[in-house]
Each structure stands twice: as C-alpha cells, then as structure tokens.
1. Note the full-extension length gain between LEU39 and GLN10 as 0.36 nm times their separation in residues minus their Cα-Cα distance, in nm to one decimal.
2. Residues with amide H under 5 Å of SER253's amide H, sequence separation 5 or more or different chain, H placed in the peptide plane at 1.01 Å from N; which?
3. Within segment 273-342, list the GluC sites (Glu not before Pro) lying in a DSSP loop whose Cβ has at most 12 other Cβ atoms in a 10 Å radius.
4. Given the DSSP H assignment, sum -39500 (n - 2.57) over each helix run of at least 4 residues in the chain and divide by its residue total; what's the result at 222 nm in deg cm²/dmol, nearest 500?
5. Starting from the Cα of LYS322, draw a straight line to each of the lysines and keep only those under 30 Å, dropping any in the same chain fewer than 8 residues away.
6. State which stretch of the chain is the longest one without any exposed trypsin sites (Lys or Arg not before Pro), exposure meaning a DSSP loop state and at most 14 other Cβ atoms within 10 Å.
7. Using a 1.4 angstrom probe, figure out how much accessible area the chain has per residue, in square angstrom, rounded to the nearest whole.
8. Taking a temperature of 10 °C and a viscosity of 1.306 mPa s, what whole-number D in µm²/s does Stokes-Einstein yield for the chain with Rh from Kirkwood over alpha carbon pairs?
Amino acid sequence: MAIEKAELLQKIEAAGSLEELEVLRVELVGRKGTVTERLKAVGALPGAERAAAGKAANVLRVSVEAALAEREVALRAAETEAEFAAPFDVTAPGLKPALGHRHPVSVVLDELVDLFWQMGYQVAEGPEVETEWHNFEALLVGKDHPARDMQDTFYLEEAHLPRTHTSSVQIRHMLENKDELPIRIVAPGKVYRNEDEDARHSWSFYQLEGLVVDRGISLGDLKGTLETMLRGVLGDDTVLRLRPNFFPYTEPSVEMDATCVICKGTGMVDGAGCKLCTATGWLEMGGAGMVHPQVLRNVGIDPEVYSGFAFGFGLERIAAIKYGVGDVRELWRPNFKFLEQF
Ligand code: DAH
C-alpha cells in the first residue's frame, strides 16, 4: 500500500503538461479511477478490516488530490514563465487606431470664422426652423414678392419653414442688439431649399452670413472685407469679381464671383464646357450689398444714423473651389475614399 502510494505520487510529479495531468486525474480520482475504486471496495470487506482499510484509502485519496493540485500550480507557473521568456519584437509596428479628421466644409468654416474673428467679428446663431417673418418679410420679401421665387422653399405649419438662408439671423441679431451698436457678426449654419440637385446645388447646404452695422459704413468697406476674406481662404491669386445683382434686403446689391478652379476661368476642360462653372469661367460665391434702410427700420435701427453691409455665401462652394471638387454633392456622400483625401 505504502509503495503504491509513493508510485502514484511520483507519476503525478512526472506529468509534463496540464493535459497529461488531466488524464492522470481522471485515471486516479475520476468516477472510475483507481483510488475511487479502492474507496468503493472498502464496503465489500469483512467488518473487522473495514475501519483500517477505509482509513488507508482515504489517506491515499487526500494525498493524491493534494499532489494533483500542487502539480497543477507548478505546471501553470511554468507555462506563464515560458510565455514571458518567448522572444518579443519591440520593433514590430503597432496597430494604428483609425483616426477621423475634420470634414472639408468644417475646415473652410473654421478658417473663415478665424479670419473674421481677426477682423473683430463675433459669431451669431439662429434657429434652423424659422418664422416666415424672420426669413422673408422682415427682409422685404413679401408673400407676393417675385423674389420668393429666388429660393424654392419647403413650408412647415403655421408660418414656419426650414430657413432658406442665414439672412434670418441678421434680423434676429439686430432685434436683440439694436441698442448696442455697432454690430459685426458672422452667422454660419445649415439652410434648406426645395431644389433639384446638380453639381452646384443641393437641397441642404451651409451658408456663412455676415452683417456689419455702424455709422458711416460704405460699399468700399464691403468690398475690402470680401476681398480680404476670399483671398484669405482661397489664396492671394484668387481673382474676385463683383457684379450688380438684386436682393430685396440690400440696396445696392452685388454678386461675388471667384475664378473657377477646374477650368481656371477659361470655361473649357479638354475641349468641352467646364461642368463646375457651366462654362462661364466664374463661380458664384454668394450675394452681398448695403443693408436696405427699410430692413434697418423693421428692426428699430435708424437708417439716418446707421448704415450697414451684409453678405451670404455657400460654404460647400468655397470648399469645392479650395479643394478642386467638381461636384458639391460628393461632399456629403458617405464615400470615405473621397473624404479621406482632405
Ligand atoms: N441670402 C442670400 C441667398 O441665400 C445671400 C445674401 C445676399 C445674403 C445678399 C446677404 C446679402 O446678406 O446681403 O442667396
């Protein structure tokens, strides 16, 4: 009995892996294991032998189980040690996390806001769902005014609409700040038009509105500001053009154009008409003008004392010009191959 126990313990000690040890465990103390069978056999012995045999079998079981547990600890420790001892290549390249970056329209917006910030402007905001009055009437676009057709509009209930332009923020800002002139703001935001999409138009886009109201503001101030702004964001070689236009809320009104980045102002690409600028060589950047005296009156500012200029342009178009994007619709497609270029 004693010899057999020593043999068993030796076998356990010799197990070279956790798998070998598991096989041994089943062989010895499993349901049909040698030690288990020995314990079961005690019941069949004559009464006189039972006590001693039972005790011996139990002692054997306890020793075997202790040896199994001890060997398991040792084998696990060896396994861990081997893992740490394995050669580790500290020069192997790490896994790069995929980092996103700012959208080209955000980049352009941040640059513009920064430019205007340096010129002393503050950033103003207004709601995307506007009243018809803030979006149109206060800007002298009455219900029957033909200028309503300039902006195809989605209408909501009760004289509300998704704003068609950020010019509504001019009205809100002047109403709130008419007693604290001068005003110098830019107002970025999303606008909505019931518009058929093409390379230059989409039903929803970003605008940046600007408004200055002070004593003695002139068209010259407007021109200098627009020039500083467009050259700052598109580069000093950008050619700008102002031409007369009409907006009900400005008098006079101008349209600002920049040379097309695709055809460089020629209107032609590979012998065909340039698609981005529809072969004109110029890209319309947006509108501007001197704030109409009646608009000032509508918000309680005296046009005999104060004058102002305003402008509004599309950020996608500036991004398209800056990065040479032929189709503004690309900017909002979930096309990462495209967007990752910027
Ligand atoms: N609101 C005009 C548009 O969406 C752009 C515009 C024109 C804004 C003239 C102005 C302005 O502030 O003075 O097309």
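1. 8.4 nm
2. HN-HN under 5 Å from SER253: ASN245, PHE247.
3. GLU304, GLU340
4. Result for the chain: -12500 deg cm²/dmol, rounded to the nearest 500.
5. LYS96, LYS190, LYS223, LYS264, LYS275, LYS337
6. Within the chain, the longest run free of exposed trypsin sites (Lys or Arg not before Pro) spans 265-342.
7. On a per-residue basis, 56 Å².
8. The estimated diffusion coefficient comes to 60 µm²/s.
The values are calculated or read from the model by the stated rules, or taken from the named source; none is laboratory data. Just so it is clear, the model here is predicted, and its values are computed rather than measured. Heads up, the Cβs are rebuilt from the backbone with ideal geometry, glycines too, and the neighbour counts pull from every protein chain shown. Just the protein is used for accessible areas: all its heavy atoms, side chains included, with ligands, DNA and RNA removed. Shrake-Rupley method; radii C 1.70, N 1.55, O 1.52, S 1.80 Å.
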